[in-house]
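**Student:** This is the structure, below, for whatever I ask next.
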Amino acid sequence: MGLNRVRAVFLDLDNTLIDTAEVIKLLKSKYQYKEGEAHVISEKVQVKFSQECYRESKMSITDLRISHWEEAIQETRGETASRELAKECYFLWKSTRLQHMTLSEDVKNMLTELRKEVSLLLLTNGDTQTQREKIEACACQPYFDAIVVGGEQEEEKPSPSIFYYCCDLLGVQPGDCVMVGDTLETDIQGGLNAGLKATVWINKNGIVPQKQSPVPHYVVSSVLELHAILQNMDYIPSVSP
C-alpha cells in the first residue's frame, strides 16, 4: 500500500570510499617510502578529495586530482613532489577504483523489483567526467529510468533546484518522491530542502551524526532495506527540529 503513495525514488549509490591501498603499496615498493609516510599521504589525499571544489577550479578534474597527490606528497615529505609520480599515483588510484565499482546481484535484483512499482532516478553530485566514468564502470544505467549528474546542472545537492529538475524529468511532484543516500549534508538535507515525501539515510558504518546534522525520516544500514521502508511509508515519522 505504501508504494502506491510513492511514485519516484531518487538514489545516490555512489561509493564514497577512497581506497588508496594500491597506491600505498606502490609508494613503498617502487619508491621506498616508509609505511608511515605512505599512509600520511593517503590520509591527506582523502581529506583533499572530501574538500574538493571542482566548480571553482580552472583546471580539468584530472589535473586537479593529480595536484591533490602532488600537494600531499610535498606536504608529507617536505620537498617538491614529482609531477610524474603524482600522475602515477592518481591513475593507479582511479583505475583500481573503477575496477571495483560494481552493483551486487542483491542490489540489482532489488532495483529491478522496485522499478516495477516506482520510477527510479540516480542522482549524484560531482564532475561530469568522473561521475559518468563511474556510472559506466558499474553498468547501472539499465536499472534506472533517468540519471542526473550534479556537474551537468546549475546547482547540485543540497540545492532544491536539482531535485525539482529530477521531478520534472519524471513527471512527478516533490511530495511523491523519496531521496535515498549516504550523505546527510547533501542527500538528506537536499531532500528536506526540496520538500520530498521522505528521506532515507544509508548509514552503513553506524555513524553517530553531529547534533546540527540534518535529521532523516528513516535510517537503514543497507540499501537492501529500502523496499520494506517504502512499503510502510503511509506513516511518516516526525522529524525532530
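Throughout, read-outs are computed from the coordinates displayed, never taken from laboratory work. All of these numbers come straight from a predicted model, not from anything done at the bench. Neighbour counts are summed over all protein chains in view; Cβ atoms, including those assigned to glycine, are modelled from backbone coordinates with ideal geometry.
**Student:** Between ASP63 and GLN141, how many nm apart are label points set 7 Å from Cα along the C-beta direction?
**Tutor:** Rounded to a tenth, the inter-label distance reads 2.9 nm.
**Student:** With 21 Å as the limit, write out which pairs from LYS30/LYS94; LYS108/LYS197; LYS44/LYS204; LYS28/LYS94 have Cα-Cα distances beyond it, or answer none. The partial results should precede the final answer.
**Tutor:** Values: LYS30/LYS94 18 Å; LYS108/LYS197 24 Å; LYS44/LYS204 23 Å; LYS28/LYS94 18 Å.
Checking Cα-Cα distances, LYS108/LYS197; LYS44/LYS204 exceed 21 Å.
**Student:** GNM, the chain, Cα, under 10 Å: largest mean-square fluctuation among CYS53, CYS166, CYS177?
**Tutor:** With Cα springs under 10 Å in the chain, the top fluctuation among CYS53, CYS166, CYS177 is at CYS53.
**Student:** Taking the Cα centre of the chain as the origin, how large is its charge dipole in debye, to the nearest 20, when only Lys and Arg (+1) and Asp and Glu (-1) carry charge on their Cβ atoms?
**Tutor:** Numbers: 25 positive and 35 negative charges, 58 e Å.
In debye, rounded to 20, the chain gives about 280.
**Student:** Angle check, please: helix 160-170 long axis (alpha carbons) against the longest principal axis of the chain (alpha carbons), in degrees 0 to 90, nearest 10.
**Tutor:** Relative to the chain, helix 160-170 is tipped by roughly 60 degrees.
**Student:** Hey, what number do you get for the chain at 222 nm if only DSSP H runs of n ≥ 4 count, each worth -39500 (n - 2.57), divided across all residues, to the nearest 500?
**Tutor:** Value at 222 nm, helices only: -13000 deg cm²/dmol.
**Student:** Once the principal axes of the Cα atoms of segment 157-241 are found, what is the range along each, listed largest first in whole angstroms?
**Tutor:** Per principal axis, max minus min of the Cα coordinates gives 35, 28, 21 Å.
**Student:** Can I ask one more? Give a quick list of trypsin sites (Lys or Arg not before Pro) in segment 145-241 that DSSP marks as loop, anything other than H, G, I, E or B, with at most 16 other Cβ atoms within 10 Å.
**Tutor:** On the way: sites: LYS197, LYS204, LYS211; in loops: LYS197, LYS204, LYS211.
Qualifying residues, ordered by number: LYS204, LYS211.
**Student:** How far is it, in nm, from the label point at ALA228 to the one at GLU105 when both lie 7 Å from their Cα along the line to the Cβ?
**Tutor:** 2.2
**Student:** Now for a separate question. Using only Cα atoms and rounding to the nearest 10 degrees, what angle (0 to 90) does helix 83-99 make with the longest principal axis of the chain?
**Tutor:** So the helix axis and the longest Cα principal axis differ by about 30 degrees.
**Student:** Roughly how tilted is helix 35-50, in degrees to the nearest 10 and between 0 and 90, from the longest Cα axis of the chain?
**Tutor:** The angle comes out near 40 degrees.
**Student:** Between segment 108-152 and segment 28-106, what is the C-alpha centre distance in whole Å?
**Tutor:** With segment 108-152 and segment 28-106 each reduced to a Cα centre, they are spaced 26 Å.
**Student:** While we're on this one: Between ASN193 and LEU98, with labels modelled 7 Å along Cα→Cβ, what's the label distance in nm to one decimal, could you check?
**Tutor:** With each label placed 7 Å out from Cα toward Cβ, I get 3.0 nm.
**Student:** Continuing with this model, one more query. Given 10 °C and 1.306 mPa s, how large is the Stokes-Einstein diffusion coefficient of segment 46-169 in µm²/s, with Rh as the Kirkwood radius over Cα pairs?
**Tutor:** Rounded to a whole number, D works out at 96 µm²/s.
**Student:** Treat every Asp and Glu Cβ in segment 122-241 as -1 and every Lys and Arg Cβ as +1, leave all other atoms uncharged, and give the resulting dipole magnitude about the Cα centre to the nearest 20 debye.
**Tutor:** 400
**Student:** Sticking with this one: Return the single residue from TYR165, TYR143, TYR90 with maximal mean-square fluctuation; model: Gaussian network over the chain, springs between Cα atoms under 10 Å.
**Tutor:** Residue with maximal mean-square fluctuation among TYR165, TYR143, TYR90: TYR165.
**Student:** Can I ask one more? Determine the dipole magnitude for segment 1-98: charges of +1 sit on the beta-carbon of Lys and Arg, -1 on that of Asp and Glu, nothing else is charged, the reference point is the Cα centre, and the result goes in debye to the nearest 20. Before the final figure, lay out the partial values.
**Tutor:** Details: 16 positive and 16 negative charges, 67 e Å.
Approximately 320 debye in magnitude.
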